[in-house]
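Down below is the structure, laid out as structure tokens.
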Amino acid sequence: MTRVAYASPGAVSVGPYSHAVDSGELVFFSGQTPIDKETGKLKEGGIQEQTRQCFLNLFSVLEAAGLTPDEVVKVNVFLTDMNNFKDMNEVYEKQFEAPYPARTTIGVASLPLGADIEIEMIAKKR
């Protein structure tokens, strides 16, 4: 199989992986941490700012794949502190319209580069 990958200058890779890979009907988006492409560093300002930055990164890859947030069917959110769930959720709910994608939120011990959050998605082509 030949992998069809998508990349966006609006997202940063910190390892040997594609921003997204097309599997035919579905597009799998690698997890994005809240790295600000302008500074190359983690976004400062708390979990809400970091959540916004994750979505800026993800949505730039979504656009590179020719898709929109309406085509996202599944989201996985990884948090290093589940006490941030409410604040993350306040930003998250503004990223999509009802009906919302399916979602799982997982508490983890740590994330790359010391991030507090990482988000990955799956979208379905129309």
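The values are calculated or read from the model by the stated rules, or taken from the named source; none is laboratory data. Remember, predicted model here, so these are calculated numbers, not experimental data. With ideal geometry, Cβ positions are generated from the backbone for all residues, glycine too; neighbour counts draw on all protein chains shown.
At-a-glance table
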{"item": "Residue that is modelled with the lowest pLDDT [pool: residues in the stretch 1-23 that are part of a strand (DSSP E or B) and surrounded by fewer than 19 Cβ atoms within 10 Å (Cβ to Cβ)]", "result": "Val4"}
{"item": "Pair list, Cβ under 8 Å, 6 or more apart: the stretch 1-23 residue in contact (Cβ under 8 Å) with a residue 24 or more places away in the chain and charged (D, E, K, R), other residue in a loop (DSSP other than H, G, I, E, B) and surrounded by 15 or more Cβ atoms within 10 Å (Cβ to Cβ)", "result": "Asp22/Ala65"}
{"item": "Matching residues in the stretch 24-40 - criterion: being free of Cβ contacts under 8 Å to residues at least 60 places away in the same chain and either in a helix (DSSP H, G or I) or surrounded by 11 or more Cβ atoms within 10 Å (Cβ to Cβ) (or both)", "result": "Asp36, Lys37"}
{"item": "Unique residue being in contact with a helix residue (DSSP H, G or I) (Cβ under 7 Å, 6 or more places away or on another chain) and small (Gly, Ala, Ser) when the list is Gly10, Gly24", "result": "Gly10"}
{"item": "Residue satisfying all of: in the stretch 52-78; in contact with a strand residue (DSSP E or B) (Cβ under 7 Å, 6 or more places away or on another chain) and not hydrophobic (A, V, I, L, M, F, W, C); nearest to Tyr17 (Cα to Cα) among these", "result": "Asn57"}
{"item": "Qualifying positions in the stretch 72-105 - closer than 16 Å to Ser30 by Cα and of a type outside the set (S, T, N, Q)", "result": "Val72, Val73, Lys74, Val75, Val77, Phe78, Leu79, Arg103"}
{"item": "Qualifying position, being out of contact with any Ser or Thr (no Cβ under 9 Å at 6 or more places or on another chain) and buried (at least 17 other Cβ atoms within 10 Å of the Cβ), among Phe78, Phe55", "result": "Phe55"}
{"item": "Residues of the stretch 72-120 that turn out to be in contact with a helix residue (DSSP H, G or I) (Cβ under 6 Å, 6 or more places away or on another chain), touching a residue at least 60 places away in the same chain (Cβ under 8 Å) and of a type in the set (A, V, I, L, M), as a count", "result": "2"}
{"item": "Hits in the stretch 76-126 (condition: within 18 Å of Ser13 (Cα to Cα), out of contact with any Asp or Glu (no Cβ under 6 Å at 6 or more places or on another chain) and part of a loop (DSSP other than H, G, I, E, B))", "result": "Ser110, Ala115, Asp116"}
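Yes/no matrix, rows are residues, columns are (1) modelled with pLDDT of 95 or more; (2) of a type in the set (Asp, Glu); (3) farther than 15 Å from Gln53 by Cβ:
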| site | (1), (2), (3) |
| --- | --- |
| Asn84 | yes, no, no |
| Tyr92 | yes, no, no |
| Gln95 | yes, no, no |
| Arg103 | yes, no, yes |
| Ser110 | yes, no, yes |
| Leu113 | no, no, no |
| Glu120 | yes, yes, no |
| Lys124 | yes, no, yes |
